[in-house]
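The values are calculated or read from the model by the stated rules, or taken from the named source; none is laboratory data. Keep in mind the model is a prediction, meaning the values are calculated, not measured. A quick note on method: Cβ atoms are made from the backbone with ideal geometry, for glycine too, and the neighbour counts reach across all protein chains shown. With ligands, DNA and RNA removed, areas are computed over all heavy atoms of the protein, side chains included. Shrake-Rupley method; radii C 1.70, N 1.55, O 1.52, S 1.80 Å.
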Amino acid sequence: AQHGQEPLKNVIVTGGAGYIGSHVVYTLLKTRQYKVISIDNHHNSLPASLTRVSELALAELGESLPYGQQPTERDLESTLIDAYDCDLTNPTAVRDVFSKYSNQGIWGVVHIAAYKAVGESTEIPLTYYTNNVSATISLLSIMQEFGCHRLVYSSSATVYGTPPEVPIPETTRRLADSPYGRTKVMCEMVVEDLCESSALSQAKEGTSFQAISLRYFNPAGAHPSGRIGEDPRGRPGNLLPLLAHMAVGRVKDPVLKVFGNDYPTIDGTCVRDYLHVLDLAQGHVLALQALQEGEQLNKKVFASSSKGKFKAYNLGKGKGMSVLQIVDAMRKATGFEYETEVVGRRRGDVPALIADPSLARAELGFDAPHDLETMCRDLWNWQEKNPAGYM
Ligand code: WQD
């Protein structure tokens, strides 16, 4: 049927108010196929982000209509987000959300909410295992209770640890070397086992549990409007938001400490695979579409899955960029004269993480076309417009 006639699919996005989450929610709204429900405990996000996402979606809806044509009720509904301030480690609160939609049911869940700082995870591992693993198991159990059997899971390239080769294919063994990375490996394994047991027990094809795990490389940038973006609390740990904070004066020190330049890479500094957060978000829409039983895409994605309907994909450009190349790109985008000082290596860093993105390209039709210049320009546009983040 033409899009716009079938009812909106209820999709829960956990961590919907966060940096990745808000861009995923925005991209889901743009399809006008989903009623987005966000669950977020605002540990690392603010509700304002979703208000802006909805405003963006409404503005783009208005621009998309022929002059004088009014939006339908359904179109307007598809720009609204049901946002719940709720902690995934509180099953009662999560059940309450699911039960609010029990008449039509929850079509699928995009599970993004997690703590994600590698260094911090070595200091407070139990907090990471509780928030990332226990909460995921609780969420999966509640999904079972409500008959919701489609999951897109936010995983990470850190599941590979120090990869034996780059670019990294999905068949690479998972050998994370931080508690954070291990929470991602464990959750993938829990989901895989659920998919396998469900395939064995569910006679009816349409109800066996299906999951796609998306292994993020390094997301960067922001929506070009500058209305939403990464808004870390305190001093950012990640390179790009730190460079943005330095250029906007939120970090007083003009010197970027480069964590080691004695790696076996192009200029001795670590190489990572940066992709635009909107390309990453589009990967989630493609993954959700692949979970629609009966479609060709669903058959293609799970054709080779031996253990139930579980599949993992790398989301990256397949292109590596070094720390110094990033600093240079941000110098050009911001006009800020960064100084760099080489210091010791950061524990847990690996020389190079570059995706082999060919599987996601071939099966999901995924692509990450935005280049580094665009990522830096969009990041700076967000930061300049929001020097103190969401207020
Ligand atoms: C990039 C490069 C640093 C800061 C992390 C998590 C990963 C994922 C994305 C959740 C590294 C160097 C950084 C600085 C520096 N998060 N750097 N000086 O480490 O690739 O990935 O964020 O999924 O799990 O590990 O990203 O931005 O922290 O660092 O030299 O002040 O920049 O050593 O090589 P990373 P990053």
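Out of (1) out of contact with any Asp or Glu (no Cβ under 8 Å at 6 or more places or on another chain); (2) open to solvent by less than 30 Å² (accessible area, probe 1.4 Å); (3) modelled with pLDDT under 95; (4) away from the ligand (no atom under 15 Å from the Cβ), the odd one out for G308 is which?
Condition (1) is where G308 drops out.
Hey, could you check region 169-210 for residues that are of a type in the set (V, I, T) and within 13 Å of the ligand (Cβ to nearest atom) and say which is surrounded by the most Cβ atoms within 10 Å (Cβ to Cβ)?
The selected residue is T183.
How many residues are acidic (D, E) and either open to solvent by 50 Å² or more (accessible area, probe 1.4 Å) or within 15 Å of the ligand (Cβ to nearest atom) (or both) if we restrict to region 351-372?
2
Here's a check for you: in region 225-277, which residue that is assigned to a helix (DSSP H, G or I) and open to solvent by 30 Å² or more (accessible area, probe 1.4 Å) is farthest from the ligand (Cβ to nearest atom)?
The selected residue is V248.
Just to be sure I understand, how many residues within region 32-75 are surrounded by 14 or more Cβ atoms within 10 Å (Cβ to Cβ) and closer than 18 Å to P224 by Cα?
Qualifying residue count, region 32-75: 13.
Name the residue, out of Y153, Y129, that is buried (at least 22 other Cβ atoms within 10 Å of the Cβ) and either over 25 Å from V301 (Cβ atoms) or out of contact with any Phe, Trp or Tyr (no Cβ under 8 Å at 6 or more places or on another chain) (or both).
Y153
So in region 330-350, with the set limited to residues that are crowded, with 20+ Cβ neighbours inside 10 Å and of a type outside the set (S, T, Y), which one is farthest from the ligand (Cβ to nearest atom)?
A333
Look at T130 and say whether it is modelled with pLDDT of 95 or more and either outside any helix (DSSP H, G or I) or out of contact with any strand residue (DSSP E or B) (no Cβ under 8 Å at 6 or more places or on another chain) (or both).
yes
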